[in-house]
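Notes follow the structure.
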There are 2 protein chains.
Amino acid sequence: MPKVTFLPANVTVEVPAGETVIRAAMKAGVHINASCGGAGVCGKCRVFVEEGEAEGEPLPEGGFKACTLTPKTDLVIRVPVESEVDRRALLRPIGKVATSWLEARGPAEFPLAPILKKYYLELDPPSLENNLPDFPRLETALLAELAKEGVQAQKLDLDWRLLKKLPYVLRKKDFKLTATVFKEDPWPYLLEVEAGDERARFWAVAVDVGTTTVCVQLLDLVSGEVLAETSDYNPQISYGEDVISRIEYARREGALQILQEKILSCLRRLIEELGAQKGVSPQDISFISVAGNTVMSHFLLGLEPRFLRETPYVPVTTRFPYLPADELGLPGGRKARVFLAPCVASYVGGDIVAGVVAAGIAREEPLSLFIDIGTNGEIVVGNQDFLACAACSAGPAFEGGGIKCGMRATLGAIEAVHIDPVTLEPMILTIGNKKPKGICGSGIISLLANLFLEGVIDQSGKYRRDLKHPRIREGRDGYEYVLVWGKDSATGEDIVFTEADIDNLIRAKGAMFAGYQTLLESVGLEINMVERVILAGNFGSFLDLEQAITIGLLPDLPRERFYFIGNASLLGARLAAFSAEAVKEMERVANMMTHFELSAHPGYMDYYVSALFLPHTNIDLFPTVKELLAGREGS
Amino acid sequence: MPKVTFLPANVTVEVPAGETVIRAAMKAGVHINASCGGAGVCGKCRVFVEEGEAEGEPLPEGGFKACTLTPKTDLVIRVPVESEVDRRALLRPIGKVATSWLEARGPAEFPLAPILKKYYLELDPPSLENNLPDFPRLETALLAELAKEGVQAQKLDLDWRLLKKLPYVLRKKDFKLTATVFKEDPWPYLLEVEAGDERARFWAVAVDVGTTTVCVQLLDLVSGEVLAETSDYNPQISYGEDVISRIEYARREGALQILQEKILSCLRRLIEELGAQKGVSPQDISFISVAGNTVMSHFLLGLEPRFLRETPYVPVTTRFPYLPADELGLPGGRKARVFLAPCVASYVGGDIVAGVVAAGIAREEPLSLFIDIGTNGEIVVGNQDFLACAACSAGPAFEGGGIKCGMRATLGAIEAVHIDPVTLEPMILTIGNKKPKGICGSGIISLLANLFLEGVIDQSGKYRRDLKHPRIREGRDGYEYVLVWGKDSATGEDIVFTEADIDNLIRAKGAMFAGYQTLLESVGLEINMVERVILAGNFGSFLDLEQAITIGLLPDLPRERFYFIGNASLLGARLAAFSAEAVKEMERVANMMTHFELSAHPGYMDYYVSALFLPHTNIDLFPTVKELLAGREGS
């Protein structure tokens, strides 16, 4: 990867090939004025190439647009003085994302041995001396194969309808056939019979059904490879952005069926797309492994979600039987089985269980804290000996929900922000380098951390009333900072960040932090005993660790303890498709997980109230932030 | 029961109330001329009441029509000399049916404990302290109930679709509910949940699917009572009288589905009829217990029957999984389970297994021979230690099939015949006392035995050519005996009994007898070691033992060893509905039964050829018939 050194700050970062210099600067913590999000239209982001080769759009007055400039070799870049960071900014640690858990450690290891297996058998054709009926003939041979693997089964169960085609299948290729067996406890179950050797045609699908996004992977059960991957919004979004509003909607007559059909038809479509890409007929899918939160799992099966949100928060079930795909209208017919990751409680679902299994933290000694910050923050703490979990009512603020100009992390969302300490002018980057439409989670955290660190807002999240700056004003909704002027935005409207937004964010991060504290206390531990913090969800990979710690969203632990794991839920679903042991591990993990209802914990409210401050009322909990602030004060 | 004494023969028989004197005479072996089958139209059956009171139609010349006369007290009846039996007839033992096995012994005993059970549970409603999800809440309580019964299950399986209604059912009556559990091995399976206490509403259906007749009983699973019973012809008859012709028909495109739908719609209709009689909705049926032969079982499930009749005679399966009733389109919905009695081989089916279980012969010491003479004769020999079985290709002769004037045992069928030894005039009785239409099984045996004993046919089944009698003639199909003249028959046509008919019958009974011999020899036993002969099927109850032995259809054993058990298949199906132990016993019996393919046995052909004689080429096998014939010769 090329290295880019920024002058005069003299900071060097590595950037992936094709990355723009403006993104390198954001990563380096070097401020470059940029109001178009990297769209190449505002022309403010002038930089000069002092050493090395780069490609980009030159500006008439000399230099290049940093948002178009990509290194061909290592570069030395000079940032013009008007956009240079002042010395206070140098005190700020270089923006750092957490280490990739998967790159550092890899996913938890399970043998490639799916819970479904295809057996190729060459049976003796029947004769007068050996006139066993067709099914027991097959059963005897299959049980013998299973016995070789150490599976001592007394009988083979089956869907009786297979008996209808069995005689034809047996006789089509002279009693040579492939039998697909589901190794369910305690009796193996015959799912499919095919004439001849069809072992190579063996596919599965892994699905992460998120409240917002649905991700699907097409898997080759023979090679253990991911053949293709796709994702889309969960189409239930049009009936409510979050699970609570969808549960409310589901109370209407027929609405639950609508929500169920929406997600099912989305899955059908995505699976068909993937199949078409790889020449796999959806009817040839044998296994569909799904991880979703408890509410999504209920919707997927059409189960009443109402009691999930009414005290005492009771799911219909947290363990799901394997379902024949055709009973859900999913591809693969009767032979295919749908597996849903077990859930723990109404708000700690199969996505978290799958994630914990994927991370492998329940099989290792070190104490880990697993955090999924989404609409609802879920946290798990534990190791091989115990697991405790809880849901934090964090709300959707970190997904842009309840934030005036918030949006989901899609094209045009401001994903990173830097505020010039001197001019208080912002530098922004948008997803896809489009004109900015709004701010998404990582941008919101950047912005909040910057405004706080530069002293634009105080520890309670209020704008300093004494700062006279055109971007800080009293708007319709109270004090606000104008991040993007209407002329630079995609909508033509100003993109602002209000005190009400900040209040929402402080409550959200406070709920998370109080959650860590309460959960750890419940099991007799303290935050600094946590040896690893694993951040799940797409969020984790974009999150600037320093900023998240600065605002008190993440605990102030040594940075090397932080990892992001990405979509661990999808990864867990994939592991379950590839390995019966991963399925068992999910059951074990779900059983191990002790769920704590935070709101019922006597200390929770105190922790929460204490956390409604930046970073926290007890600054000693955030020693590096304390130091940073002290540096700032001292400047 | 009134006693009727016939003079001058001086024979006394007991007859049930309402029985006619002519039927009493037939039972007593007393000949009364009667050509209208008891329809009261021919006026030939004049008798005089010497003592006692009776009701009936007087004849103008004095006396009464015997076919209309019913005793009100014990009677002494004088038969006019012209219809008196001669002394030869007196040598003939009094017609005797076998003892009723059920009256003498009762059916095999099993505890009233169906494989399905309804549990009434009062669960604790959920609270914050106890917020188990709905299903595990129910599961925990149910497993505790099961544990009290000694069932140690680790989990409860269920149809996932029950989860859809579970939350509503639980909350409808404050977490009081009735759970229907299927105690399948190894995990119990939750079939249904109902709010409140619904234990009393618990019904099943027992079904005997015969090739010709379908019998259905509505059962109360709580009381163990048969609430109602009905039967009808198997509507598949229109596609072939016997299994072979139906298997042939099934080869046509779509024909198997037609045959399946025919039997299923028949069952639906009969179950609805019974339900309507007793106010039980078919949807409230929980269990459908079916016994049928292997071919009928294949048709019921729509399984390919073709290989049942092609060597080496391989069924698709002989063990059937429990099927959800709705998958077959049978009443009871998803909760109801359809049980099919296990089969043994292509031509020894679940009807025989059910019958053996009903008779209880596999749980007792004495050596029993279980015989079902239908389209295909099935025989089982054994006791608690072993069971051997075989199918005899006897053909449908004893059901009237392949007999020129043969018919099934329906209204107007001649069911009993007596031939006057002197005049060779017949006395006939028809089912329902209707004008005769044809001859059914028991009538055919009567006729054959009479013709043989009176010397009208010889031991090879040929009419004696030297007998000059108007009823014996050479017809279109060779020599024949006119049993009913056209003027007395329902059709206006003569009812005749041809040498070809006799030949068919001899081959049929020869196949049966060779079957007994071969099967017994296969297990190292001889016929006279058989301590009980149990005759199953409707046939058994009407069969005149002496006549059946006379023609060599049944072995010549002491008469007290013979029993009839009636529809043992239906009885077995009923036992299985009432008791899980009977289900297990069926599996045990099916596993115990060693099937012998008679045609593959080297000695079978010799036995068969030796049996093509009346009663047998080796007359010493039939000592009482030998004696009878010796008496006849000596007269």
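No lab work stands behind these numbers, since they all come straight from the coordinates. Values in this document were obtained by computation on a predicted structure and should not be read as measured data. So basically every Cβ, Gly included, is an ideal-geometry build from the backbone, and we count neighbours across all protein chains shown.
Write out the GluC sites (Glu not before Pro) in the stretch B:484-557 meeting two conditions: DSSP loop, and at most 11 other Cβ atoms within 10 Å of their Cβ.
Numbers: sites: B:GLU493, B:GLU499, B:GLU521, B:GLU526, B:GLU531, B:GLU546; in loops: B:GLU493, B:GLU526, B:GLU531.
Filter output for the stretch B:484-557: B:GLU526.
Averaging the inverse of every distinct alpha carbon separation and then flipping it gives the Kirkwood radius. What is it for the stretch B:337-403, in angstrom units? If you can, show how the numbers build up before the last one.
On the way: mean 1/r = 0.0789 Å⁻¹.
Computed over the stretch B:337-403, the radius equals 12.7 Å.
Between the stretch B:604-635 and the stretch B:412-460, what's the alpha-carbon centroid distance in Å?
21
What do the square roots of 5 times the Cα gyration tensor eigenvalues come to for the stretch A:281-372, in whole Å, largest first, as semi-axes of the equivalent ellipsoid?
On the way: eigenvalues 132, 80, 14 Å².
Computed over the stretch A:281-372, the values are 26, 20, 8 Å.
Please name whichever of B:ILE373, B:GLY492, A:ILE419 sits farthest to the positive end of the charge dipole of the protein assembly as shown, dipole taken about the Cα centre and charges placed at Cβ: Lys and Arg +1, Asp and Glu -1.
Value computed over the given set: B:GLY492.
If the label for A:ARG465 sits 7 angstrom from Cα along the Cα-to-Cβ line, what are its distances to the same label in every other copy, in nm to one decimal, shortest first?
Label-point distances to the other copies, shortest first: 13.8 nm.
Please work out which residue of chain B brings its Cβ closest to the axis of the rotation superposing B onto A, and round that distance to whole Å.
Nearest Cβ to that rotation axis, in whole Å: B:PRO186, 3.
Set Lys and Arg Cβ to +1 and Asp and Glu Cβ to -1, take the dipole of the stretch B:346-419 about its Cα centre, and tell me which of B:VAL356, B:GLY395, B:SER346 lies farthest positive.
Among B:VAL356, B:GLY395, B:SER346, the one farthest towards the positive end of the dipole of the stretch B:346-419 is B:GLY395.
Find out how many positive minus negative residues lie around B:ALA291, taking Lys and Arg as positive, Asp and Glu as negative, among other residues whose Cβ is under 11 Å from that of B:ALA291. Working shown, then result.
Details: positive: B:ARG574; negative: B:ASP208, B:ASP351.
Every neighbour counted, the sum reads -1.
Rg(Cα) of the stretch B:349-450 divided by 2.2 N^0.38 Å?
Numbers: Rg = 17.3 Å, N = 102, 2.2 N^0.38 = 12.8 Å.
Here the answer is 1.35, to two decimals.
Counting pairwise Cα distances across the stretch A:212-267, what percent come out greater than 15 angstrom? Provide the component values of the computation, followed by the final result.
On the way: 842 of 1540 pairs.
Looking at the stretch A:212-267, the distances longer than 15 Å represent 55 percent of pairs.
Put a point 7 Å out from Cα along the line to Cβ at B:SER238; what are the distances to that point in the other copies, in nm, shortest first?
Those label-point separations list as 5.0 nm.
Report the extension gain between A:GLU627 and A:LYS164 in nm, rounded to one decimal, defined as 0.36 nm multiplied by the number of residues separating them, less their alpha carbon distance.
On the way: separation 463, 0.36 × 463 = 166.68 nm, distance 7.50 nm.
Between A:GLU627 and A:LYS164, full extension yields 159.2 nm more.
Give me the log10 of I(q) over I(0) for the protein assembly as shown at q = 0.04, 0.07 Å⁻¹, as the Debye formula computes it from C-alpha points; what are the numbers?
The Debye formula, applied to the Cα set alone, gives -0.38, -0.80.
Between the DSSP loop rule and a limit of at most 12 other Cβ atoms within 10 Å, which GluC sites (Glu not before Pro) in the stretch B:125-232 are left?
Details: sites: B:GLU129, B:GLU139, B:GLU145, B:GLU149, B:GLU184, B:GLU192, B:GLU194, B:GLU198, B:GLU225, B:GLU229; in loops: B:GLU129, B:GLU149, B:GLU184, B:GLU198.
Listed in order of number, the matching sites are B:GLU129, B:GLU149.
With only Lys, Arg, Asp and Glu charged, each at its Cβ (+1 for the first two, -1 for the last two), find how big the charge dipole of the stretch B:156-227 is about the Cα centre; round to the nearest 20 debye. Mind showing how you got there, number by number?
Numbers: 10 positive and 12 negative charges, 103 e Å.
With Lys and Arg at +1 and Asp and Glu at -1, about 500 debye.
Between A:SER610 and the same site in the other copies, what are the distances in nm, shortest first, taking label points 7 Å from Cα along the C-beta direction?
10.2
Cα-based Rg (one decimal) and Dmax (whole number) for the stretch B:251-310, in Å?
Using the Cα atoms of the stretch B:251-310, the pair Rg, Dmax is 14.1, 46 Å.
So how tilted is helix A:350-359 from the main axis of chain A? Cα-based, degrees 0 to 90, rounded to 10.
Helix A:350-359 and the main axis of chain A meet at about 80 degrees.
If you average the sequence gap of Cα pairs under 8 Å that are 6 or more apart and divide by the length of chain A, what percent do you get for the contact order?
Numbers: 1436 pairs, mean separation 92.4, N = 635.
With pairs under 8 Å counted, the relative contact order is 15 percent.
Using a basic spin-label model with each label point 7 Å from the Cα along Cα→Cβ, how many nm lie between A:GLU560 and A:LYS462?
4.3
If every alpha-carbon in chain A counts as one equal scatterer, what log10 I(q)/I(0) does Debye give at q = 0.10 1/Å?
-0.93
Below 8 Å between Cα atoms, with a sequence gap of 6+, how large is the relative contact order for the stretch B:383-443 in percent?
On the way: 99 pairs, mean separation 21.2, N = 61.
Reported as a whole number, the value is 35 percent.
If N is the number of residues in the stretch B:1-85, what value comes out of its Cα radius of gyration divided by 2.2 N^0.38 Å?
Details: Rg = 11.0 Å, N = 85, 2.2 N^0.38 = 11.9 Å.
This ratio for the stretch B:1-85 stands at 0.93.
Among A:LEU59, B:PRO615, A:LEU545, flag the residue with its Cα farthest along the positive direction of the charge dipole of the protein assembly as shown, charges on Cβ as +1 for Lys/Arg and -1 for Asp/Glu.
Highest projection toward the positive end goes to A:LEU59.
Could you work out how far apart the two model spin labels at A:ARG199 and A:GLU327 are, taking each label as a point 7 Å from the Cα in the direction of the beta carbon, and quote it in nm?
Rounded to a tenth, the inter-label distance reads 3.1 nm.
Please give the net charge around B:GLU225, taking every other residue with its beta carbon less than 12 angstrom from that of B:GLU225, where Lys and Arg add +1 and Asp and Glu add -1. All intermediate terms of the calculation are to be shown ahead of the outcome.
Numbers: positive: B:LYS278, B:ARG574; negative: B:ASP220, B:GLU229.
Charge balance in the 12 Å sphere: 0.
For the stretch A:468-543, state which trypsin sites (Lys or Arg not before Pro) are in a DSSP loop and have at most 12 other beta carbons lying within 10 Å of their beta carbon. Mind dumping the intermediate values first?
On the way: sites: A:LYS468, A:ARG471, A:ARG473, A:ARG476, A:LYS487, A:ARG507, A:LYS509, A:ARG532; in loops: A:LYS468, A:ARG471, A:ARG476.
Sparse-neighbourhood loop trypsin sites (Lys or Arg not before Pro): A:LYS468, A:ARG476.
Over the stretch A:203-340, what is the relative contact order in whole percent, taking alpha-carbon pairs under 8 Å and six or more residues apart? If you can, show how the numbers build up before the last one.
On the way: 253 pairs, mean separation 34.1, N = 138.
It rounds to 25 percent for the stretch A:203-340.
Roughly how many debye, to the nearest 20, is the charge dipole of chain B about its Cα centre, given +1 on each Lys and Arg Cβ, -1 on each Asp and Glu Cβ, and no other charges?
On the way: 65 positive and 84 negative charges, 191 e Å.
Dipole size: approximately 920 debye.
Placing unit charges on C-beta atoms (Lys and Arg positive, Asp and Glu negative, everything else neutral), compute the dipole magnitude of the stretch B:455-524 about its Cα centre in debye, rounded to 20. Walk me through the intermediate numbers first.
On the way: 10 positive and 12 negative charges, 37 e Å.
I would put it at about 180 debye.
Enumerate the lysines that B:LYS164 could reach by cross-link, defined here as Cα to Cα under 16 Å, with residues fewer than 8 away along the same chain left out.
Qualifying lysines at Cα under 16 Å: B:LYS172, B:LYS335.
Sort by residue number and report every cysteine in chain B with no other cysteine beta carbon within a distance under 4.7 Å.
So, B:CYS45, B:CYS67, B:CYS215, B:CYS266, B:CYS343, B:CYS389, B:CYS392, B:CYS405, B:CYS440.
Where does the stretch A:203-340 land on the Kirkwood hydrodynamic radius, alpha-carbon pairs, in angstrom? The partial results should precede the final answer.
Details: mean 1/r = 0.0660 Å⁻¹.
This gives a value of 15.2 Å.
What nm distance separates the two modelled labels at B:LEU411 and A:LYS172, each placed 7 Å from Cα along Cα→Cβ?
5.2
Taking the Cβ of B:ALA390 as the centre, find all other residues whose Cβ is under 14 Å away and add up their charges (Lys, Arg: +1; Asp, Glu: -1). Mind showing how you got there, number by number?
Working: positive: none; negative: B:ASP372, B:GLU378, B:GLU521, B:GLU597.
Once positives and negatives cancel, what remains is -4.
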